Amino acid sequence: MAPAVDRKGYWGPTTSTLDWCEENYVVTLFVAEFWNTVSNLIMIIPPIFGAIQGIRDRLEKRYIAAYLALTVVGMGSWCFHMTLKYEMQV
């Protein structure tokens, strides 16, 4: 469902094929979907700490790679919800 009022923000008009139920650019003009963006921190911060702890504990590199892969997914989702640009969606 598209928002009733589509505010124009820092990133310009949305080009993504999806626009979630959260209204765009309500909290700040720099983040399209503020709460979706903030909720992505759970996919960024804990995996970073996991990778750091894995390095300290000298775990196999596959575990560190998995933590870093989760971080990359979280950062991609962060960028998508922040901009609502098709380039970040892909």
For helix 61-83, what angle does its Cα long axis make with the longest principal axis of the chain, in degrees from 0 to 90 and rounded to 10? 10
Listed residues Glu60, Glu22, Glu33, most fluctuating in the chain (Gaussian network, C-alpha, under 10 Å): Glu60
For the Cα atoms of the chain, what angle does the longest principal axis make with the long axis of helix 45-56, in degrees from 0 to 90, nearest 10? 20
Using the reciprocal of the averaged 1/r over all distinct C-alpha pairs, how large is the Kirkwood radius of the chain in Å? 14.2
Footprinting proxy, Cys79, Cys21: sorted fewest to most Cβ within 10 Å, the residues are Cys21, Cys79
Efficiency of FRET between Ala65 and Val26 - r from beta-carbon atoms, R0 30 angstrom, step 0.05: 0.20
For Lys85, Lys8, order by how many other beta-carbon atoms lie within 10 Å, fewest first: Lys8, Lys85
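Just so you know, all these numbers are worked out from the coordinates, no wet-lab data involved. Here the structure is a predicted model, which is why all the values come from computation and not from measurement. Neighbour counts run over all protein chains shown; Cβ positions are idealised from the backbone, glycine included.
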